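There's a structure below that I have some questions on.
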Amino acid sequence: MSAGLAGCAILASWALLAGCGAAEEQLEPWDTGEVITGAGGGSASGGWESAADGSGGTGGGWPSSAKLGPPYPIVLAHGFFGFEDFAGAGYVSYFYNVKQTLAEGNEAVFTPSVDPFNSSEYRGAQLTARIEQILAETGHEKVNIIAHSQGGLDARVVAHDRPDLVASVVTVATPHLGSKIADIALQLVAHERLQDVLDDLLNAIGAPLYDQIGEETSVFASLEQFSTPGIEEFNARYTDAPGVFYASFGGRTDRALGGSDCTTLAPAPFVAQFDDGLDPVHPLLSLTETILDGGFGESIPNDGLVRARDARWGNFWGCLPADHFDEIGQLFGQSPGEGNTWLYIDFYRAVIERLRQEGL
């Protein structure tokens, strides 16, 4: 029992740490859109409002003809424990300041929120509904999704189930091949009753903060999906959709170079220019980074939560010199660390430009 309780503490800390994105300056929550994972974006304007239950509205429809083509709007998909409107206060908390910056460049960017901790099957259905609403509002045929962490799995669900809505899926540090951290966490809290206790705890903490939380939410639905057997089942079910463009990035921290796990035949120039850059790991990620690193005498590049080898999917464009926080500008938009000149805002801007070059 003591081991289980310790596991609960570790999991609770990890969950908070994985999404402790913290608040930006107060903004109108839906004045512009944001990007999940994918290519595109465009000059189309317009936002959307979520329904009171967090469902994102009822959808609507396009004109019977003249759906708009590329450049497509950008959708930014948040990861595990992520949120858009913290406690209903109008704060953009996950992709720190990315929405505003991209909007200044006339990009139509949306940041829809989904259940902060649940399976990607569940979250993907929510994301699909939100994308339908975005398309109804903008009149576009498709969106480009740029996703972080679990958001990339959510995006793959949308692309698989509704390829007619998605032009591209670009993922950043998504555990496409699972997470060793999830395997360890599930071993620590193997007792079903302890899993229920942690789910109840997170619901008790989260319910006052997240409008979208309901009785179905479960941190263990996410962890089981990230586990080795869970991700194998997920990948067998949610295969890539023909006609959708897929690309991915990994992350590397603790001043590690990428090695073979980060090698690619077609690196993105805006990433390759930082191949010699080194990132100091954030103290909050030092334990999980050490676990993923492989131990003494072995070095497995990772961003503190996801190994680079597990983040490769579709067109692999290289490894960012960044930890899991740096990749989205957290905490609070701080520098990625002493000596690291990589900038996350420039990265997202460059991803969109690359997608434009692909005709998206």
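The values are calculated or read from the model by the stated rules, or taken from the named source; none is laboratory data. Nothing here was measured: the structure is a model prediction, and the numbers come from that model. Neighbour counts are summed over all protein chains in view; Cβ atoms, including those assigned to glycine, are modelled from backbone coordinates with ideal geometry. These area figures cover heavy atoms from the full protein model, side chains too; ligands, DNA and RNA do not enter into them. Shrake-Rupley method; radii C 1.70, N 1.55, O 1.52, S 1.80 Å.
Ignoring ligands and nucleic acids, what accessible area does CYS319 show with a 1.4 Å probe (Å², nearest 10)?
So the heavy atoms of CYS319 present about 10 Å² to solvent.
Something else now. Put ARG312, ARG354 in order of accessible area, largest first, 1.4 Å probe: what do you get? Let's see the in-between values first.
Details: ARG312 80, ARG354 50 Å².
The ordering from most to least exposed comes out as ARG312, ARG354.
Please work out the Cα convex hull volume for the stretch 240-356 and give it in Å³ per residue. Each step should come with its number before you reach the end.
Numbers: hull volume 13.0 nm³, N = 117.
Spread over its residues, the Cα hull of the stretch 240-356 gives 111 Å³ apiece.
Could you compute how much accessible surface ASP161 exposes when probed at 1.4 Å, giving the result in Å² to the nearest 10?
80
Long-range amide H contacts for LEU68: which residues qualify at under 5 Å (H placed 1.01 Å from N, peptide plane, sequence gap of 5 or more or a different chain)?
HIS140, GLU141
To the nearest 10 square angstrom, what accessible area does ARG130 show with a 1.4 Å probe?
10
With θ taken as phi - 60° and the coefficients 6.51, -1.76 and 1.60, list the Karplus ³J(HN,Hα) couplings across the stretch 161-176 in order, rounded to whole Hz; mark glycine and proline as x.
Each residue's phi maps through the Karplus curve to give 7, 9, x, 5, 9, 10, 8, 7, 10, 10, 10, 10, 6, 8, x, 4 Hz.
Then there is this: Given a Förster distance of 25 angstrom, what is the FRET efficiency for ALA266 paired with THR341, based on the Cβ-Cβ distance and rounded to 0.05? Intermediate values should be presented prior to the final figure.
Values: r = 23 Å, r/R0 = 0.94.
The pair ALA266/THR341 has a calculated efficiency of 0.60.
Quick one: length gained pulling ARG237 to ARG255 fully straight, 0.36 nm per residue minus the C-alpha distance?
Working: separation 18, 0.36 × 18 = 6.48 nm, distance 3.63 nm.
Net length gain for the segment: 2.9 nm.
Still on this structure, please answer the following. Would you kindly derive the ³J(HN,Hα) couplings of the stretch 234-240 from the backbone phi angles with the Karplus curve 6.51 cos²θ - 1.76 cosθ + 1.60 (θ = phi - 60°), listing them in order in whole Hz, with x for Gly and Pro?
Coupling constants for the stretch 234-240: 4, 5, 5, 7, 9, 7, 5 Hz.
Once the other residues with Cβ under 12 Å from the Cβ of GLY178 are scored (Lys, Arg +1; Asp, Glu -1), what is the net sum? Let's see the in-between values first.
Details: positive: LYS180, ARG307, ARG309; negative: ASP183, GLU224, GLU232, GLU233, ASP310.
Residues near GLY178 contribute -2 overall.
Once amide H atoms are built 1.01 Å from N in the peptide plane, which residues 5 or more positions from CYS319, or in another chain, come under 5 Å H to H?
Amide H to amide H, under 5 Å and 5 or more residues apart or across chains, CYS319 pairs with GLY250.
Starting from the 7 Å offset along Cα-to-Cβ, what nm value, one decimal, do you get for the label separation of ASP183 and ASN106?
About 5.0 nm separates the two model spin labels.
Over the stretch 297-339, calculate the relative contact order: mean separation of alpha carbon pairs under 8 Å at least 6 apart, over the residue count, as a percent.
Details: 21 pairs, mean separation 12.8, N = 43.
Relative contact order, the stretch 297-339: 30 percent.
May I pose another question? Give or take rounding to whole Å, what are the principal axis extents of the alpha carbon atoms in the stretch 236-285, in descending order?
Projected onto the principal axes, the Cα atoms of the stretch 236-285 cover 39, 27, 18 Å.
On a straight-distance basis, which lysines could pair with LYS67 in a cross-link, Cα separation under 17 angstrom, same-chain partners fewer than 8 positions away excluded?
Output for LYS67: LYS142.
A further question follows. Given a 1.4 Å probe and heavy atoms of the protein chains only, how would you sort HIS160, HIS282, largest accessible area at the top? Walk me through the numbers on the way to the answer.
Working: HIS160 65, HIS282 35 Å².
I get HIS160, HIS282, largest accessible area first.
Taking H as built 1.01 Å from N, whose amide H comes closer than 5 Å to the amide H of ASN302, not counting residues under 5 places away?
THR253, ALA308
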